[in-house]
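Note sheet for the following structure.
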Amino acid sequence: MSDEATDARLMGRALDAARAAAAAGEVPVGAVVATSEGEILAEAGNAPIAMSDPTAHAEIRALREAAGKVGNYRLPGAHLFVTLEPCAMCAGAISLARIGRLVVAASDPKGGAVWHGPRFFEQRTCHWRPEVVQGPYAEEAGDLLKAFFASRRKVR
């Protein structure tokens, strides 16, 4: 089940996770994994600095938590809501997890790998392709990222 109200609610939660990441000094990206009925399985923000882990992207952290909760590394039918277009690493994890639907707020022409760069899910070697849709709050997610990086440039 996916409708505009459910997408807005779940992307709103992803934005909350992105704001929390920003408050912790991390790049403000948030992710939520939910069932197709809209039940939240996991939510996370970026934390590579805090965790000293280059793989601690919001998507990876949320996928790990959701997989642990259901007891399976595959999450068929699950929906992933993310505030920024996933990078190649995260797109690979999304494919391996068999996510059914990927909802993305803001595109990322520089580092994204879904609509930009390698276009991961379009590659012949990609074994699983989720449904990918432009989600709500693209402007809000983009503004959050712009404000974060603008404030970082001023500090230096």
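Remark: the Cα gyration tensor places the stretch 112-156 in the oblate category, a/c being 1.5 or greater and a/b not exceeding b/c. Of the trypsin sites (Lys or Arg not before Pro) found in the stretch 26-118, those that fall in a DSSP loop while having at most 14 other beta-carbon atoms within 10 Å are Arg74, Lys110.
In this calculation the C-beta distance from Glu39 to Arg153 is compared with R0 = 35 Å, giving a FRET efficiency of 0.30.
Taking amide H atoms as placed 1.01 Å from N in the peptide plane, the amide H of Leu102 lies under 5 Å from those of Leu80, Glu131, Val132, Val133, each 5 or more residues away in sequence or on another chain.
Find the Cα radius of gyration of the chain, compare it with 2.2 N^0.38 Å by division, and give the number to two decimals. Provide the component values of the computation, followed by the final result.
Working: Rg = 14.5 Å, N = 156, 2.2 N^0.38 = 15.0 Å.
The value comes to 0.96.
Compute the Cα gyration tensor for the stretch 33-102, then decide on rounded, prolate or oblate, letting a ≥ b ≥ c be the square roots of its eigenvalues: rounded whenever a/c is under 1.5, prolate when a/b is larger than b/c in the other cases, and oblate in all that remain. It is prolate, given that a/c is not under 1.5 and a/b is the larger ratio.
For Leu84, the amide hydrogen comes within under 5 Å of the amide hydrogens of Gly30, Ala105, Ala106, counting only partners 5 or more places away or on other chains and with H modelled in the peptide plane. Distance from the alpha carbon centroid of the stretch 1-49 to that of the stretch 138-154 works out to 17 angstrom.
As a test, work out the antiparallel percent of DSSP beta bridges whose residues both lie in the chain, rounded to the nearest 5. Spell out each step's value before the answer.
On the way: 10 of 19 bridges.
Beta bridges within the chain, antiparallel portion: roughly 55 percent.
Over all other residues within a Cβ to Cβ distance under 11 Å of Gln134, the charged ones net out to -2, with Lys and Arg as +1 and Asp and Glu as -1. Here, the stretch 10-53 is characterised by an Rg to Rh ratio of 1.04, where Rg is the alpha-carbon radius of gyration and Rh the Kirkwood radius. Surface composition of the chain: carbon plus sulfur atoms contribute 55% of the solvent-accessible area (1.4 Å probe, protein chains only, all chains present). For the stretch 60-69, 3J(HN,Hα) computed residue by residue from phi via the Karplus equation (6.51, -1.76, 1.60; θ = phi - 60°) reads 4, 4, 5, 4, 4, 5, 5, 4, x, 5 Hz, glycine and proline entered as x.
With every protein chain left in place, what is the accessible area per residue of the chain in square angstrom, probe 1.4 Å?
Numbers: 7900 Å² over 156 residues.
Ligands and nucleic acids excluded, the figure is 51 Å² per residue.
Here the simple spin-label model places points 7 Å from the Cα toward Cβ, and for Ala138 and Ala8 these points are separated by 1.7 nm. For Lys110, a cut-off of 27 angstrom between C-alpha atoms picks up these lysines, skipping any fewer than 8 places away in its own chain: Lys146, Lys154. Suppose R0 equals 22 Å; then what is the FRET efficiency for Tyr73 and Trp128 from their Cβ-Cβ distance, rounded to the nearest 0.05? After rounding, the FRET efficiency stands at 0.95. Partners of Lys69 within straight-line reach, counting aspartates and glutamates whose Cα lies under 13 Å from its Cα and excluding those fewer than 8 residues away in the same chain: Glu39, Glu43. Amide H contacts for Gly38 (H built 1.01 Å from N in the peptide plane; partners 5 or more residues away or on another chain; cut-off under 5 Å): none found. For Gly112, neighbours were defined as the other residues whose beta-carbon sits under 14 Å from its Cβ, and their charges (Lys and Arg +1, Asp and Glu -1) total -2. The share of C-alpha pairs in the stretch 70-152 whose separation exceeds 14 Å stands at 63 percent.
The values are calculated or read from the model by the stated rules, or taken from the named source; none is laboratory data. These figures come from a predicted structure and were not determined experimentally. Note: ideal-geometry Cβ built from the backbone for every residue, glycine included; neighbour counts use all protein chains shown. Note: areas computed on protein heavy atoms with side chains; ligands, DNA, RNA excluded. Shrake-Rupley method; radii C 1.70, N 1.55, O 1.52, S 1.80 Å.
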